[in-house]
Structure formats: structure tokens, C-alpha cells
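Okay, so here's the structure we're looking at.
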Amino acid sequence: MTGGGLSRRGVLRGLAGLAAIALVGCKNRPQKTTARFAQFGTLVDITIWDLPRPQAERAISRLRRDYAMLDRDWYAWGDGELGQINRTLQRAIEAPLSAPLGTLLQQSLQLSAASRGLFDMRIGPLVELWGFANAPTTASGTAAPSDADIRAALDRSRLHVDVLNDRPGWRVRTEAPGVLLDIGGIAKGDILARGMARLTTEGVSKALIDAGGDVAVMDLQGSAAFRVGIRPAREGEALRLLELRHGETVTTSGDYARYRDIGGRRYAHIIDPRTGRPSEQARSATVVHEEAARADAAATALIVGGVAAFEAICDAMRVDTALLVDNQGQIRATPEMQARLETI
Ligand code: AMP
Ligand code: MG
């Protein structure tokens, strides 16, 4: 595990039992190469079906190198690119950006608008205030932040942010110092997409990447159906199976993945940008989409919005296949999701 971990240092233990279960029904597997490693504060599992083992292993080692860099560069509180940008933005209103991060930040702004502000990468000051920056997965604390501290962090999280790509290049510009960008709600999706792009470059045509339960699949030549398990949000709930097709990603946001106990109450790591307090609207949200970053941002927005906003946010974020587990354990699913789900 690296020093950073996209906002989830220490999450390894908590997520070990959470990884989606890839039950891939596929006959005639001449070569199957698998690898498991820790990155982004979680476990990453790679499966490659179609390459001789030495080539598959080389592809995986290149992907691991990419991931180690992304882990460092995209972590809001680390020593890499985003950490440095955030430090600059505490005293300045502008910071230069690399093209890959600039593209992701621009996409985050667009998805934030589509989500009606429920997904918002400007959430960093609140994530930090509630103790989720660098904190262990399930830390305990004695007190929730004061109302005054929440208001101050909320003000910072509402400062206007532009991501520009003109002369002199990619940069982020803000209304005033104090902005802290946290892409933990979208980065996993983008990382899966980048992982698949890397494997394709390395000649892989059939693969699965599972990053802590968020799963992307590809099968460039065939039409394999990848069956992925969606873990229940609570003990006793049924495991559901979902069929994923080539190019799709499934991501889940859950209140169980990371939380803190403060004074005997459980607070989830997902913050409602409207109130500045941990979201309490639902237990988990799962989204399938061909755009992995959109799936990830949408799952975060859906869990914040809860049952009341489910349909509206699916429409606004152009998501067809989604489900929400509410606080009573009831499932709300789009028709497309219902058609694909199996309960076992
Ligand atoms: P996810 O598991 O994709 O829902 O991402 C959760 C992570 O995103 C948290 O650990 C925070 O780093 C960050 N986050 C928390 N609340 C929000 C929010 N409302 N919008 C965007 N990112 C958030
Ligand atoms: Mg997300």
C-alpha cells in the first residue's frame, strides 16, 4: 500500500470482505492470469484471459506502475499533484494542472452540475472536518464538529471553481483561497477506465478489473457475460448478481465502506453538500454505465439524494441502470437494473 490512498488510507482491512465477487462464466480458458495488489487504499484484482502468462504479467506490471502514480497524484491530502494543488489553493486562487487531472476535474464539474450539486468535488474541507482525510476506515471520535466549523467549511466548499484549458495551459482558478478539491467520489471510475485503456494498449482483449468492489470488464472479441456480485449493504440482505457487458463498469457507494463512530453514532464518509453533514439518506447506491467516471459520480450523488431524488438524479445524470438500498433495506431500481438483477 502506498502512503496516500485516494482518501482511504487504512481502508484495506474494512474492504477486504467487500470486493465484488467476479463469477465469470467462461469456458475454454486457455490462459487465465490473475493478480491482486493493494492500491488506492483498497485491494485491486486483475484478471486477464486471453494472453500468454508472460505478456499478461507484463501488462499487469505496467498497469501497476500507472496506478501507483495515480494513487499519489490524485490523492487530495498527499504529496502528489492534487495534494500540491490543494496546498497552493489555500493561499492562492490559481494553480497549474496536468492534462489528465484537468480533464477529470472538468468532467467532475460537469457531473456535479448534472447531479444538482449532490456530487461535488469541492467537498474537501468537509471531508477533512469530519475526519475522513487520512483517517482509518472506521475511526472513533468523541465529538462531531461544531455548527460554526461546519458553516465555515461549507463556505469554503461553495467557492466557485473553474477548470480552464487555454493559455498558459490547464489550470484551476477559484473565487478565493480556501478551496480543497477531493476527487475520491469519481476517481475510482476513472482509474478503472484508465486501467482498461492500459490493458488494451498492452494487447489484452478480455479482462476484468475489480478495485474494492467497483468493477470494469472488457471482451473485445467475444460477448462474454461477466457476472458480478453486489454485496449487501447490511448483514442478512441477499447477495445480488448482475450481468456486466463489454465496456461497462459497476460502482457502488455505501455507508458501510467507511465510517466513523462519534459518540456512539455512525457517520458515513459521504457528505451531503447541502448540509455539510454526513449523508444519511440511504445505505448504498449502485450504478452501471459505460462511462466509468460517470457511474462513480452518479453512485455518490444517488446515495446523497436518497429515495426522494432517485429518479430525477438518474435522469439528470443520464444513468439508466441503477439501484438504491434505502435505510430500511428496501431496494429501488430502474427497470434496466431490475431486468439484469438476480438474487441468490
Ligand atoms: P464514493 O465511494 O465514490 O461515493 O466516494 C466517496 C468519497 O468521495 C469520500 O470518501 C470523499 O472523499 C468524497 N466525497 C464525500 N462526499 C462527497 C460528495 N457529496 N460529492 C463528491 N465526493 C464526495
Ligand atoms: Mg462515487
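Could you sort 265-272, 187-194 so that the peptide with the highest average Cβ count within 10 Å comes first and the rest follow in order?
Values: 265-272: 22.0, 187-194: 25.6.
So the peptides 265-272, 187-194, ranked by packing, come out 187-194, 265-272.
The label point for R173 and the one for R234, both projected 7 Å from the Cα toward the Cβ, are 4.9 nm apart.
Can you send over the carbon and sulfur percentage of the accessible area for the chain, probe radius 1.4 Å, protein chains only? Before the final figure, lay out the partial values.
Details: 6760 of 14390 Å².
For the chain, the apolar C and S fraction of the accessible surface comes to 47 percent.
For the chain, a Gaussian network of Cα nodes joined below 10 Å ranks V215, V304, V204 by mean-square fluctuation, and the top entry is V204.
Sequentially through the stretch 249-255, phi angles give Karplus couplings (6.51, -1.76, 1.60; θ = phi - 60°) of 10, 10, 10, 10, 10, x, 7 Hz, Gly and Pro residues having no value and appearing as x. Compared with the dominant principal axis of the Cα atoms in the chain, helix 187-201 is inclined by about 40°. With every protein chain in place and a 1.4 angstrom probe, the accessible-area ranking of L129, L199, largest first, reads L129, L199. With a 10 Å cut-off between alpha carbons and a GNM built on the chain, which of G80, G276, G254 moves the most? Maximum among the listed residues: G80. For the options Q328, Q107, Q84, a Gaussian network treatment of the chain with springs between C-alpha atoms closer than 10 Å singles out Q328 as fluctuating the most. With each pseudo-label sitting 7 Å past Cα toward Cβ, what's the R65-S98 distance in nm, one decimal? Computed distance between label sites R65 and S98 equals 1.4 nm.
Which order do Y256, Y75 take by accessible area at a 1.4 Å probe, largest first?
On the way: Y256 45, Y75 0 Å².
Sorted descending by solvent-accessible area, the residues read Y256, Y75.
Helical content alone sets the calculated 222 nm signal of the chain at -10500 deg cm²/dmol, taking -39,500 (n - 2.57) per DSSP H segment of four or more residues and averaging over every residue. Once the 1.4 Å probe is applied to the protein heavy atoms, the chain comes out at 42 Å² accessible per residue. Compared with the dominant principal axis of the Cα atoms in the chain, helix 53-73 is inclined by about 10°.
Between the helical axis of 99-114 and the longest alpha-carbon principal axis of the chain there is an angle of about 80 degrees.
The values are calculated or read from the model by the stated rules, or taken from the named source; none is laboratory data. Note that the coordinates shown come from a computational prediction; the quantities given were computed from them, not determined experimentally. FYI the Cβ positions are ideal-geometry reconstructions off the backbone, even for glycines, and counts take in every protein chain you see. Accessible surface is based on the protein model in full, side chains and every heavy atom, while ligands, DNA and RNA are left aside. Shrake-Rupley method; radii C 1.70, N 1.55, O 1.52, S 1.80 Å.
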